[in-house]
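S.K.: Quick one: structure below, then a few questions.
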Amino acid sequence: MTTSYPSREALRERAAAALTVARVRTAGLTDAVSDADLTAQHSPLMSPLVWDLAHIGNQEELWLLRNVAGRESMRPEINPLYDAFEHPRAERPKLPLLGPEEARRYAAEVRGRVFDLLERTPLEGSALLDDGFAFGMIAQHEQQHDETMLITHQLRQGAPVLTAPDPDAPYDPPLSAEVLVPGGPFSMGTSAEPWSLDNERPAHVRDVASFWIDTVPVTNAAYLAFIADGGYHEPRWWAAPGWQQIREHSIEAPLFWHREAGQWLRRRFGVTEPVPEDEPVLHVSWYEADAYARWAGRRLPTEAEWEKAARFDPVTGRSARYPWGDADPTPALANLGQRHLRPARAGSYPAGASPLGVRQLIGDVWEWTASDFLPYPGFRAFPYREYSEVFFGPEHKVLRGGSFAVDPVACRGTFRNWDLPVRRQIFSGFRTARDV
Ligand SMILES: [Fe+2]
């Protein structure tokens, strides 16, 4: 299906570039605030930013310097502090963490040694080294923490510190509200993508009945109609635990929204602004997405339906890496990589559409699916059980497609994200589907 890299040298360059792009973003997110801000906990849901910073370095040291290169631990005493499974987020502020300067220095020292290693190590001969997998995994890991740190920025109170231009995306209103995806088998997941993670593997055939899917993600305007129709006060639209959550916490709109003088406003990275009607809705839980879909007489797509809509080409019968084909993302195709601090309006990126004409599947907002996070047939945990396997089960729902906060290195048509159905601080939206 894809892509063996043309040469060892090109692969080395790709790995070095991915690591550098991630570190530039990490620096931007952590240099934007004071040391006091870095060590504060802005929400019990999140770590202090300084924890993420040293954890990024510590995972890089663990996988590339200790596991791949067989080196001794640089700072054995700090390893337990940065093990995400030993310390839940809420207790991390009380740990004797490295301070901001020390954390920066430690991460930089690890990176220097990793660049030396990348120049000298053969990128083959073991599952971790083949195609530079471990380097790609670590670049993705850092980018995923950068997204987490961006969520911390969104939860942080106070004046704005991050800026980015608004999307100036190519725009062309789609012709119809929904697209018919024809029934039949398609190839789901991947066995060929060199830096794909264990939960995306292996490629396997899935039979999916014909269904209709929204051409674009559900917009704020559409979601406002649900609110105006009393959607948050009508138990029949809600799964029981979702109804309980909105009653207990008096939830009446997406997270970060409030109403003032008859107008809906939202807070976005410290700026308060009117809710833009033509943008995909953001910061909704799985329960809110599910309730909206039921109110609209529709449902969330399953994960298999989402991936078929995103990757299947009915002309060739094959599944591509992305909706637009096998080429890597570019700014003309999708809103990725924190180039903007918001989604582009619905109907953007016509060049990024799938062969069937579904838009904005990649980037803009993560899309909740109906599906629980489960292993594919033939799943093998790699390189460690805690990467995915311990999260499989009905308590986590799958999100697909990435958001404006996701870097291209951590986003493809097969990429799977998961979270609890109550979560709303993440960059989550959705689209709906229906049976034929
Ligand atoms: Fe991590």
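S.K.: Residue check, Arg104 against (1) farther than 30 Å from Ala159 by Cβ; (2) in contact (Cβ under 8 Å) with a residue 60 or more places away in the chain; (3) out of contact with any Phe, Trp or Tyr (no Cβ under 9 Å at 6 or more places or on another chain); (4) part of a helix (DSSP H, G or I), all met but one. Which one?
M.R.: The number of the failed condition is (1).
S.K.: Among Leu45, Leu49, which is the only one that is at pLDDT 95 or above and surrounded by 14 or more Cβ atoms within 10 Å (Cβ to Cβ)?
M.R.: The unique qualifying residue is Leu49.
S.K.: Here's another thing I want to ask about it. Which numbered condition trips up Ser73, out of (1) modelled with pLDDT of 95 or more; (2) among the small types (Gly, Ala, Ser); (3) crowded, with 18+ Cβ neighbours inside 10 Å?
M.R.: Result: Ser73 fails condition (3) only.
S.K.: Also: Counting only residues that are among the charged types (D, E, K, R) and within 14 Å of the ligand (Cβ to nearest atom), which one in segment 50-77 is nearest to Glu102 (Cα to Cα)?
M.R.: Out of the qualifying residues, it is Asp52.
S.K.: May I pose another question? Please state which of the following conditions Phe85 fails to meet, knowing it meets all the rest: (1) away from the ligand (no atom under 16 Å from the Cβ); (2) surrounded by fewer than 16 Cβ atoms within 10 Å (Cβ to Cβ).
M.R.: Looking at each condition in turn, Phe85 falls short on (1).
S.K.: Still on this model: Have a look at Trp264, Trp237, Trp295, Trp286 and point out the one that is within 30 Å of Ser176 (Cα to Cα), more than 25 Å from the chain's Cα centre (by Cα), at pLDDT 95 or above and crowded, with 21+ Cβ neighbours inside 10 Å.
M.R.: From the options Trp264, Trp237, Trp295, Trp286, the qualifying one is Trp237.
S.K.: Kindly list the number of the only condition in (1) among the small types (Gly, Ala, Ser); (2) within 16 Å of the ligand (Cβ to nearest atom); (3) modelled with pLDDT of 95 or more that fails for Ala15.
M.R.: Exception for Ala15: condition (2).
S.K.: Shifting gears a bit: Within segment 169-184, is even one residue on the phi < 0 side of the Ramachandran plot, buried (at least 22 other Cβ atoms within 10 Å of the Cβ) and small (Gly, Ala, Ser)?
M.R.: yes
S.K.: Here's another thing I want to ask about it. Within the group Pro93, Pro122, which residue is modelled with pLDDT under 95, surrounded by fewer than 18 Cβ atoms within 10 Å (Cβ to Cβ), away from the ligand (no atom under 16 Å from the Cβ) and assigned to a helix (DSSP H, G or I)?
M.R.: On inspection, the qualifying residue turns out to be Pro93.
S.K.: Looking at the structure I just gave you, is Ser187 in a loop (DSSP other than H, G, I, E, B) and either of a type in the set (Ser, Thr, Tyr) or away from the ligand (no atom under 16 Å from the Cβ) (or both)?
M.R.: No: the conditions fail for Ser187.
S.K.: Now for a different question. Any chance segment 155-174 includes a residue that's within 16 Å of the ligand (Cβ to nearest atom) and either out of contact with any strand residue (DSSP E or B) (no Cβ under 6 Å at 6 or more places or on another chain) or hydroxyl-bearing (Ser, Thr, Tyr) (or both)?
M.R.: The answer is no, given that none of the residues of segment 155-174 is within 16 Å of the ligand (Cβ to nearest atom) and either out of contact with any strand residue (DSSP E or B) (no Cβ under 6 Å at 6 or more places or on another chain) or hydroxyl-bearing (Ser, Thr, Tyr) (or both).
S.K.: Give the residue, chosen from Glu277, Glu303, that is surrounded by fewer than 21 Cβ atoms within 10 Å (Cβ to Cβ) and either over 30 Å from Val33 (Cα atoms) or without any contact (Cβ under 8 Å) to a residue 12 or more places away in the chain (or both).
M.R.: Glu277
S.K.: Just for segment 358-378: of the residues that are among the β-branched types (Val, Ile, Thr) and assigned to a loop (DSSP other than H, G, I, E, B), which one is surrounded by the most Cβ atoms within 10 Å (Cβ to Cβ)?
M.R.: Only one residue tops the list, namely Val365.
S.K.: Among residues belonging to segment 218-231 that are without any contact (Cβ under 8 Å) to a residue 24 or more places away in the chain and assigned to a helix (DSSP H, G or I), point out the one that is surrounded by the fewest Cβ atoms within 10 Å (Cβ to Cβ).
M.R.: Looking at residues that are without any contact (Cβ under 8 Å) to a residue 24 or more places away in the chain and assigned to a helix (DSSP H, G or I), I get Ala228.
S.K.: Continuing with this model, one more query. Considering only segment 318-357, state which residues are surrounded by fewer than 20 Cβ atoms within 10 Å (Cβ to Cβ) and either assigned to a strand (DSSP E or B) or among the polar types (S, T, N, Q) (or both).
M.R.: Gly325, Thr330
S.K.: Continuing with this model, one more query. Can we say Ser47 is farther than 16 Å from Ala108 by Cβ, within 15 Å of the ligand (Cβ to nearest atom) and among the hydroxyl-bearing types (Ser, Thr, Tyr)?
M.R.: Yes.
S.K.: Moving on. Looking at (1) closer than 30 Å to Ala293 by Cβ; (2) within 16 Å of the ligand (Cβ to nearest atom); (3) not acidic (Asp, Glu), which is the only condition Ala134 fails?
M.R.: (1)
The values are calculated or read from the model by the stated rules, or taken from the named source; none is laboratory data. What you see is a predicted model, and the numbers here were worked out from it, not measured in a lab. For neighbour counting, all protein chains shown are included, and Cβ atoms are generated from backbone atoms with ideal geometry for every residue, glycine included.
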